[in-house]
Amino acid sequence: MKITITEEDKKLARWASAAVALSLIDSAIPTPLPGVKPGVANIVTLIVFWHYGFRTMLWVTVLRIVAASLVLGYFLAPGFFLSFAGGLFSVCALGVFQNLPRRWFGAVSFSIIAAFAHILGQILLARLWLIPNNGVFLMLPVFWASALFFGTLNGLVTAYFLQKKHFPR
């Protein structure tokens, strides 16, 4: 049996590997609180969403989460499922809001939406599975603040790259 690799497959692999590389860098950045990460891989996710649409973004996100968890050694551990829930909520939120007029809603807006959805997915999974206590929701203000900060920062970086077109298509 011969497997045919298309240009679409190659494009997807390039973007997914860029996202995995940024995930590995992200995991090396020390943070003051568990669960608070810059999420720099989401810059790739947003660029892919902007240029190739929902379906390609979904594939890049799933490949990034699985590959990074395999490399970092937490595949099928709680961290994997938290990352997957956050990624799924983020992708779904971008899918819901993808038709907002891009004249008024740019990379920063979409990045903030994705960051808030990511945190929401992780908190809900943590509450349902890992911490069966509503006290987990007391952390939401801290996580919302980090989502706003890093979502804005990643959105600005994304906007820069989208404007300058400093990436392969």
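The values are calculated or read from the model by the stated rules, or taken from the named source; none is laboratory data. Remember, predicted model here, so these are calculated numbers, not experimental data. Don't worry about glycine lacking a Cβ; one is built from the backbone with ideal geometry, like all the others, and counts go over all protein chains shown. Note: areas computed on protein heavy atoms with side chains; ligands, DNA, RNA excluded. Shrake-Rupley method; radii C 1.70, N 1.55, O 1.52, S 1.80 Å.
Based on the mean of other Cβ atoms within 10 Å per residue, sort peptides 134-145, 151-162 so the most packed one is first.
Descending packing order for the listed peptides: 151-162, 134-145.
Could you pull out the chymotrypsin sites (Phe, Trp or Tyr not before Pro) across the range 39-100 that fall in loop regions by DSSP (anything but H, G, I, E, B) with no more than 14 other Cβ atoms inside 10 Å?
Phe75
With every protein chain in place, what's the accessible area of His118 (1.4 Å probe, Å², nearest 10)?
Approximately 40 Å² for this residue.
With every protein chain left in place, what is the accessible area of Arg102 in Å² (1.4 Å probe, nearest 10)?
For Arg102, the solvent-accessible surface is approximately 90 Å².
Quick check: with the 1.4 Å probe, what order do Lys164, Lys2 take by accessible area, largest first?
Lys2, Lys164
Taking square-rooted eigenvalues a ≥ b ≥ c of the alpha carbon gyration tensor, is the chain rounded, prolate or oblate, where a/c under 1.5 means rounded and, failing that, a/b exceeding b/c means prolate?
Judged from the Cα gyration tensor, the chain comes out oblate (a/c at least 1.5, b/c at or above a/b).
Most fluctuating residue of Arg103, Arg55, Arg64 in a GNM of the chain with Cα springs under 10 Å: which is it?
Highest fluctuation among the options: Arg103.
Under the rule of -39500 (n - 2.57) per DSSP H run of 4 or more residues, summed and divided by the residues of the chain, what mean residue ellipticity at 222 nm is obtained, to the nearest 500 deg cm²/dmol?
Helix-only estimate at 222 nm: -23500 deg cm²/dmol.
Would you mind telling me the share, in percent, of accessible area of the range 71-169 contributed by carbon and sulfur at probe 1.4 angstrom?
Taking all protein chains in place, the range 71-169 shows 71 percent carbon and sulfur surface.
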